[in-house]
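The values are calculated or read from the model by the stated rules, or taken from the named source; none is laboratory data. None of the values given here were measured: they were computed from a predicted structure. Neighbour counts run over all protein chains shown; Cβ positions are idealised from the backbone, glycine included. The area values use the complete protein model at the heavy-atom level, side chains included, leaving out ligands, DNA and RNA. Shrake-Rupley method; radii C 1.70, N 1.55, O 1.52, S 1.80 Å.
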Amino acid sequence: MKMVKKSTGLSSSTDKLIITDASLCGLQLSGVETQALRAYYRSLLELGIAYVQVPYSAVTLLTSELQPGHTVLSVPEDCKAIPPSFAGYLCTREVAAGATIIECAWGSTPPAFADEIRWTADSALFFQDYTAEFSKMTTECEFCPRNADDFGTALAVEWLLEGGRRLTAAFMGTGDYAPLEEVLAALHVYGILPPSMRLEKLPGVAEAYRQLTKTAIPEHKAVLGSALFEVESGVHVDGIAKNRHCYEPFAPESVGAARRIVIGKHSGKQSLKLKLEELGLHGICDLDQLLHLVREQSMHIGGSLNDEIFAALAKKAAGGNKA
Amino acid sequence: MKAQVLLTDTTLRDGEQRSGFAMNTQSKVRLARLLDQAGFCQIEAGIPAMGRCEKDVVCRIMDLRTKAKIAVWNRMRREDIAHSLDCKPDIIHISAPVSDLLIGTMLKKDRPWVAQTLTDCVVFARNKGYEVSVGFQDVSRADAQFIASLAGDMRRLGVLSVRLADTVGTLTPMKARMLLEYLTEQTDIPFGIHTHNDLGMAVAIAAEAVRGGAATVDTTLFGIGERAGNCDSYKFASAVRNNLITKPAAADLATLRADAEAILFSTEGAKEWHKYNEGDNDNDNDNEEITVKHDALVNSPDYAGRDGLCTHTSGQIAV
């Protein structure tokens, strides 16, 4: 394998990671709402990543929103008029307009004209001695693991933990790249997230993504799911009340989310107490009796209870107490 | 030759801890039957200390299973284990926090206390004639030497296996492999891995743990579980198919998912149960009893005053 690193147009600071999002290249953009596209592009840059990779077809849609210095342009093979000033050009041939980025499968020989090589790999690399493989590369190489078999995040994270500094991922794993949000959250947890990254902006990116793709994000999707920080089980509520690190990998606020106590089959008395206080019903009823009602009702409806139902059960339990 | 790894299932225990999830007895028993048929060697059926409902579930599953061993989950408390004994399960699983964070914050104790209390609980269950497995919570933030020392104690007590839980999903794949390599060097007790998907690496961490020496991988259907969920059994089996033989295999798990989906993600679980039982002549009386109880409960206009099916606990611990 040729492990060269040639001069590149992409910035190369020694004190930060250089992360590119390629999700727009994994989406079908024909017919999308232009405003939604612009909002999504803008939200990705607000996240603090270095570059957004866009397909050639998006250039005319983004217009004034476009920041060429923070954009890698994916150039079709037959493209004749290549606009200048982009940070890089992902293509299969040499480009005169700027730095040429070539994608190469891990272990293959890159073409001599490449200014920058983006190494791609699938799950097969995961089952090799990937740390030994990583050590063959300079840390300045760009790595772009595919997410086949759900190994994309793991490969990306291990690459960065081994000292790699350039990575291409994609929000929500779009286009079968490593999910950007998972990689960033992992960097946060492992203490190597560059300070310029603003994970609290993730909900904004998620909303822009939803508007653009008209696709809902699953409520338990890692890092992004709206229900991730709903805490139901008794001991989790209790543990988080004592020290949130006990049962949370990272603070909800760090990814722009908020914790919410949910009442359901697995709730304990501590949860009920907190929820009663939240609803201004503190001390209204016996907690054991209320817990009993909550469990039965939760199993009856097959899920958690909203505040209205919970309050009704509390009042019912209170009525029982009086009787 | 490909190595073999056994998948265990905890859909009915940790899987159900996904917020907003509340399976009824019928759904859980039906799922257990499907899991058994799919070829899981072990099914974690529930937490008997939760109360009578849960005990009913475990007892029904014990009656119906054909091949899988049925495990029940317990905190390090004799009273919890006593509840489990009522169900006569195959395996009593006892879970212990091993990180200083959980030991100090949750239990307000120290490592020697954990070692002694866990030992007492294991001896208690073993003396009752049960096979015992042990779970270590929060291994990703625990001292590896302490884990090894405890595992050695467990081996000497005749514990079947030790399950390592990455409780908040912050292990890296490489760290998981190194931890398993270290532990399997220190003691020859079989280790299992239990992962969470908070950073999207539950499958990868489990795969690396197996490479490091884990004999079993704890999984759930569709990866359901607390927060972002657990290791998805089908995804794991599919991901490692070229490198490992899993039991059950991915093909069997695909069939299982298709059958289980309606039960897991529908509030119509009870209807499924009735439909299922129309052609089932085994244990008819038991089925009827549970069904009648359920219907009476949910249809009662004033069930708050009933002597209900569930007893109370102050909560539960999840790993």
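Tabulated data for the structure shown
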quantity	calculated
Region A:230-317: relative contact order in percent, alpha carbon pairs under 8 Å with at least 6 residues between	29
Probe 1.4 Å - accessible area at A:Asp122, Å² to nearest ten	80
Region A:10-213, relative contact order [Cα under 8 Å, separation at least 6], %	23
In region B:49-101, the trypsin sites (Lys or Arg not before Pro) that fall in loop regions by DSSP, at most 12 other Cβ within 10 Å	B:Lys67
Segment B:Arg241-B:Gln186, length gained on full extension (0.36 nm per residue, minus Cα span)	16.9 nm
Estimated distance in nm for a label pair at B:Asp143 and A:Glu94, the labels positioned 7 Å out from Cα along Cα-to-Cβ	6.1
For region A:10-213, share of DSSP beta bridges that run antiparallel, in % to the nearest 5	5
Per-residue mean of C-beta atoms belonging to partner chains within 10 Å, peptide B:94-103	1
Of all DSSP beta bridges in region B:3-304, antiparallel share, percent nearest 5	5
Accessible solvent surface per residue of the protein assembly as shown, calculated while the other protein chains remain in place, 1.4 angstrom probe, Å²	37
Size of electric dipole in chain A: Cβ of Lys, Arg +1 and of Asp, Glu -1, about Cα centre, debye, nearest 20	540
Charge context of B:Thr216, other residues only, Cβ under 12 angstrom, K/R +1, D/E -1	0
Convex hull (Cα only) mean projected area of the protein assembly as shown, reported in nm² to one decimal	30.2
3J(HN,Hα) from dihedral phi, region A:153-162, Karplus parametrisation 6.51/-1.76/1.60, rounded to Hz, x for glycine, proline	4, 4, 5, 4, 5, 5, 4, 6, 5, 7
Most mobile listed residue (A:Leu180, A:Leu291, A:Leu90) in chain A, GNM with C-alpha springs under 10 Å	A:Leu291
Placed amide H near A:Leu90: partners under 5 Å, 5+ positions off or other chain	A:Leu73, A:Ser74, A:Val75, A:Ile101
A:Ala241-B:Ser266 pseudo-label distance in nm [points 7 Å out on the Cα-to-Cβ vector]	3.8
Relative contact order (%) - criterion: Cα under 8 Å, at least six apart; region: region B:37-128	25
Rounded, prolate or oblate (a/c below 1.5 giving rounded, otherwise prolate when a/b exceeds b/c) for region B:104-260 by Cα gyration tensor	prolate
In region A:21-87, GluC sites (Glu not before Pro) in a DSSP loop with at most 15 other beta-carbon atoms within 10 Å	A:Glu33, A:Glu77
Among A:Asp238, A:Asp78, A:Asp129: highest mean-square fluctuation, GNM of chain A, C-alpha pairs under 10 Å	A:Asp78
Rounded to 5, percent antiparallel among DSSP beta bridges of the protein assembly as shown	5
Other-chain or far-sequence residues with amide H under 5 Å of B:Thr219's (modelled H)	B:Thr8, B:Asp9, B:Thr10
When each of A:Lys275/B:Lys109; A:Lys269/A:Lys315; B:Lys108/B:Lys235; B:Lys28/B:Lys235; B:Lys55/B:Lys128 is checked by Cα-Cα distance, pairs over 26 Å	A:Lys275/B:Lys109; B:Lys108/B:Lys235
Amide H contacts under 5 Å for A:Arg260, placed H, 5+ residues apart	A:Glu230, A:Val231
Where a label projected 7 Å from the Cα of A:Lys315 along Cα→Cβ would reach, residues of region A:262-284 with amide N under 18 Å	A:275-284
